[in-house]
Amino acid sequence: MKLNKYSIIACVLGLGSLGLTACSDAPGEITSKVYSRLLSPTDLKARVKGVQVELSWTAMPNAESYHIEVFNGTEPTGQAILSFDCTENKYTVTGLEGESVYIIGVQCCSKTIPASLFSYAQAETAKEQIFYPVAEDDITAKSVTLCWPAGEKATTIVLTPGDITYTVTADDIAAGCATIEGLTPETKYKAVLMNGSKTRGTVEFTTLIDFGDAIPVYSTDNFKQMLTDCADGTEFIIVEGEQHIGNFQLNKSVKISGFKPSARPVLHGRFAIAGDVNSLVLSNLIIDGNYITEDGTEGKSDNLFEMVSGKLVSFKMTGCDVMNQVKHVFYNNKKGDIGDVEIDNCMLYNMNAKGDGGGDGFDIRGNALGSLTVTNSTFANGHRSFVRNQASAGYKVTFANCTIYNIGFIDDGNNTGLFRMDNKGSFTATDLLVVNVGTAGAAAAYCGTWGRADKWKAETSFSNVVYSNCPNIWSSACADDHGWAAEMDPKFKDAANLDFTVTNDDVKDKKVGDPRWLK
C-alpha cells in the first residue's frame, strides 16, 4: 500500500528493552466522524518483549480488520519488511531481529469503506536470547558446553571475565553447541553469543570447584570434627548430604563450599568467631540454624556468625540460602572487629519469623566495621530492624539489587527501622525493592522507617528504590525528599511461599530488587 509519510507522526517509545506510549493525532489524520474512509487507529501502544512487539489500540468503529506493516528504522519509507492482518485490536509482531529499531503502522480496513490512514509507533527490540539454559552436566571446573537451536547462525561467543573470544565453527552451528575450554574454576561467567555485531543470546554459569588441595566431605563424615582438627586456611568441599556443626567456635580461616549448585548440601549451625580469623568463605550451601548436637539435643542458632573475640578480617558468602536463625544475620556486641563482609546471590529468610526473639538483621553494637556489601540477594520474614550499625566511624555500607520483604514487623521500642547509621561513614542503597516493611503497629515509633534522622551520620547515596505497603517508611526521613523512590506494587507471584517473582511490568522496567525475580 502506498504511504504518505507527511500524513503520519511517529510515537517514540524510548530506547531500551521495554517501552510504552500512545500516538498523538497526526497532521492530516482523520479523527472525527467522516464517511469517505475509516478513522485511523487511536491510542496505539507498543510493548517490547525481547524481539517481539506487543501492539494494542482502540477498537475503531466500522473496522472489520486491521493491517499492520513493519519498516526498518524510524521512518515508514520504502518497502515494508513485514506485514500482517488481524481482526482484533491487538497483535504480537514476530520475526524481528534483536537490537533493531522499527516503525510499525496499523491501518483500519473494511470491505465497504475505504481504509484509514496509518497510525505509527516506534520500538527498539532488546537483545535476542536463543541460548538454552546451561545444563549442569555441561559444566566442569575448566570448561563449558553452550547450546542453542541447531542451524541458527553465530560468529563468536564472548565470555567475561577474562575477555575470552571463541570463534563459532560451521560444525558448531550445525550441532547448535560449542565447547569452550581453559576456564577458571569457581568462576561466574557471562557468555554472549554474537552474529557479527548483533547479540543472539546471553547466559550465565559458574564453573565447578576444582578439588585440587581441597578436602572433600561426604555425608558419612563428621564435618564438625574435621573443622576442629583442620589447619588454618583449609578448604572443604561438601559433596553431598547434611552436616551438623552446632554453635561452632571458629578461630582459623576456612573455606566451605558445596559441590553442585543443583544439589547444595545443608550445613546446620552457625559460627562464633573466637580469635583472629583472616577469612571465612561460604559458597553454594544451604545453611540452617536448626541443628542437632552429638547427644541428640536440638539446638537453634542465634545468627549466621557472631563476634566473640578477636577480628574477622574477611567474610564472603555467595550462592547460599540461610534460614532459621533466631535473631540475626550477624551480631557484634563490642566483642571484636569486623573487616570486609560481602554477600552476593543469597537468599536469607525465616530469621525470627515468629517475631518473638528480638534482634536486628545486621546488628553491630560497636567496634570497627570495614565494609558491608550486599548485592543480588533476598531477605524475607524476619528481624526487628534490618541494619543496626553502631560501628565506629569509617565504615562503608552498600546494598544494591536486593529484595527486602516482611522485615521490621516486631512491635518493639528497639525497632529502629530499616537502616541505622550512628557514626560517620558512607551508605549506598540502589535498585532496591522493599515490600511489607514496618507493619508492626503504633507502639514501635520507628518501625520500618527508612532511617532515623536522629541516628543518622553517614554520607548517603540513594537511587532507584521501589516500595510497597511500608506505612512508616518516611516517618523519620534521614535524607532528602525521597524523590529517588517510587511506590509501586510488584505483585509478587507467591510471596507466602517465597516466590518473589515480579509480575508488574512497570516494576520490572525499573530493574529493582534481586535479579532472580525479574526473569
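Values quoted throughout were computed directly from the atomic coordinates according to the rules given, and no laboratory measurement underlies them. Fair warning: this is a prediction, and the values are worked out from it, not measured in the lab. So basically every Cβ, Gly included, is an ideal-geometry build from the backbone, and we count neighbours across all protein chains shown.
Evaluate region 359-496: find the radius of gyration of its Cα atoms, find its Kirkwood radius, and give the ratio Rg to Rh. Please list the in-between numbers first.
Details: Rg = 13.7 Å, Rh = 14.7 Å.
Using only Cα positions, Rg/Rh for region 359-496 is 0.93.
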Discussion item. Over the Cα atoms of region 309-417, each weighted equally, I'd like the Debye log10 I(q)/I(0) at q = 0.15, 0.17, 0.19 Å⁻¹, rounded to two decimals.
Written reply: -0.60, -0.78, -0.98
Practice prompt. With a 10 Å radius around each residue's Cβ, average the other Cβ atoms per peptide and rank 306-313, 281-288, 432-439, highest first.
Written response: 432-439, 281-288, 306-313
Practice prompt. Can you spot the lysines whose alpha carbon is less than 22 Å from Lys334's alpha carbon? Ignore those fewer than 8 places along the same chain.
Written response: Lys252, Lys311, Lys316, Lys396, Lys424, Lys455, Lys457
Response to the item:
For region 227-351, the percent of all C-alpha pairs falling in each 5 Å bin, from 0 up to the bin holding the max distance, is 2, 12, 21, 26, 23, 12, 3, 0
Worksheet entry | Inter-centroid distance (Cα atoms) of region 204-253 relative to region 486-501, Å | 35 Å
Worksheet item: Once amide H atoms are built 1.01 Å from N in the peptide plane, which residues 5 or more positions from Leu250, or in another chain, come under 5 Å H to H?
Response: Ala272, Ile273, Ala274
Fill in: Kirkwood-Stokes translational diffusion coefficient of region 395-474, alpha-carbon pairs, 37 °C, 0.692 mPa s, µm²/s
258 µm²/s
Worksheet entry | Spherically averaged projected area of region 203-283 from its Cα convex hull (nm²) | 5.7 nm²
Worksheet, complete the sentence: Sorted by chain and number, the residues with a modelled amide H under 5 Å from that of Thr140, at a separation of 5 or more or across chains, are Leu208
Worksheet item: Which peptide among 460-470, 203-213 comes first, and what is the full order, when sorted by highest mean count of other Cβ atoms within 10 Å?
Response: 460-470, 203-213
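For region 134-231, take the alpha-carbon Rg, divide it by the Kirkwood Rh, and send me Rg/Rh. Can you show the working numbers first?
Values: Rg = 17.6 Å, Rh = 15.2 Å.
My calculation puts Rg/Rh at 1.16.
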Practice prompt. Taking H placed 1.01 Å from N in the peptide plane, check which residues at least 5 places from Gln325 or on another chain put their amide H under 5 Å from its amide H.
Written response: Gly289, Asn352
Discussion item. Which aspartates and glutamates, if any, have their Cα less than 12 Å from the Cα of Lys142, not counting same-chain residues under 8 positions apart?
Written reply: Glu181, Glu186, Asp210
Discussion item. If you scale each eigenvalue of the Cα gyration tensor by 5 and take the root, what three semi-axes come out for the chain, rounded to whole angstrom and sorted largest first?
Written reply: 51, 31, 18
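Considering only DSSP beta bridges whose two residues both sit in the chain, what percent are antiparallel, to the nearest 5? List each step's numbers first, then the result.
Working: 56 of 155 bridges.
Once the DSSP bridges in the chain are tallied, antiparallel ones form about 35 percent.
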Item to complete: Report, largest value first, the span of the C-alpha coordinates of region 59-201 along each principal axis, in whole Å.
Response: 67, 27, 27
Worksheet item: Residue by residue, what Karplus-based ³J(HN,Hα) values in Hz, rounded to whole numbers, does region 111-123 have, using 6.51, -1.76 and 1.60 with θ = phi - 60° and x for Gly and Pro?
Response: 7, 10, 10, x, 5, 6, 6, 7, 9, 10, 9, 10, 8
Worksheet entry | Inter-site label distance for Thr167 and Asn247 at 7 Å from Cα along Cβ, in nm | 6.3 nm
Worksheet item: Around Leu285, with a cut-off of 10 angstrom between Cβ atoms, what is the net charge of the other residues, counting Lys and Arg +1 and Asp and Glu -1?
Response: -1
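Rounded to the nearest 500, what is the 222 nm mean residue ellipticity of the chain from helices alone, with -39500 (n - 2.57) per DSSP H run of 4+ residues and division by all residues?
On the way: 3 runs with 19 residues, N = 519.
Mean residue ellipticity at 222 nm (helix-derived): -1000 deg cm²/dmol.
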Worksheet item: Distance from the Cα centre of region 81-137 to that of region 272-292, in angstrom?
Response: 52 Å
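Give the average over all directions of the projected area of the C-alpha convex hull of region 444-506, one decimal, in nm².
Numbers: hull surface 21.8 nm².
So the mean shadow area of the Cα hull is 5.5 nm².
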Worksheet entry | J(HN,Hα) series, region 187-193, from Karplus relation 6.51 cos²θ - 1.76 cosθ + 1.60, nearest Hz, glycine and proline x | 10, 8, 10, 10, 10, 10, 8
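Using packing as a proxy for protection, rank 320-333, 63-76 so that the peptide with the highest average count of other Cβ atoms within 10 Å comes first. Could you put the intermediate results ahead of the total?
On the way: 320-333: 23.0, 63-76: 17.6.
Sorting 320-333, 63-76 by mean packing, highest first, produces 320-333, 63-76.
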